[in-house]
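*Asks:* My questions will all concern the structure given below.
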Amino acid sequence: MNQVPDRSRPKLSDFGMVNKLRPAAAVPRPVVVTKTPNSSKRIRKPTWLTRLRLVLIWAIIATIACGVLAVSVASQRKEISKLKSNQAVDDETTQLIARVASLVSLPEGETPTIATVTDVEKLKSQAFFAKAENGDKVLIFSKARKAYLYRPTTNKIVEIGPINIGSNGTSTNPTGTTSQ
């Protein structure tokens, strides 16, 4: 018996194409268009260019999100530093009150309003500020109706004077002039 080879399926060598085939990766992939079973619309599968665009869009979104986060953190740090500076001011006020209290008896149960003399020439006409210098501190106790002029450079009380607070909302400063 002679065996005859099965020729039902042609081989590539039959067509002379064995050496002409390229690997699948080197061939550009065509866009595959498919139809959904329920509609007549075509759906395109993404190509490498579409994927690149998506990656770039997400990179931009991530960059913007990082920028927003950085600005948020910076503003929170700024608020924290403000709170610390307010605490420093409160500590300075407490130290000033303690220094003045060591020199003279201050009214109890009241926190004074503190001001700093910055332009002594404008205040020289007022009797309370006659001996004042730039940098002096004024402690005003509104309930006790007293004002203290303190000089931090020499650690001395320069002047003590009364203040008058009117019933109609006007107040009289230690020199006797009225302000609203």
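The values are calculated or read from the model by the stated rules, or taken from the named source; none is laboratory data. Since this is a predicted model, take the numbers as computed values, not measurements. Heads up, the Cβs are rebuilt from the backbone with ideal geometry, glycines too, and the neighbour counts pull from every protein chain shown.
*Asks:* Testing residue 51 on (1) in a helix (DSSP H, G or I); (2) under 15 Å from residue 148 (Cβ atoms), one condition comes back false. Which one is that?
*Replies:* Only one criterion is unmet by residue 51, namely (2).
*Asks:* Please go through region 85-128 and pick out each residue that is within 14 Å of residue 159 (Cα to Cα) and modelled with pLDDT under 85.
*Replies:* Across region 85-128, the qualifying residue is only 124.
*Asks:* Given 106, 123, which one is without any contact (Cβ under 8 Å) to a residue 12 or more places away in the chain and surrounded by 11 or more Cβ atoms within 10 Å (Cβ to Cβ)?
*Replies:* 123
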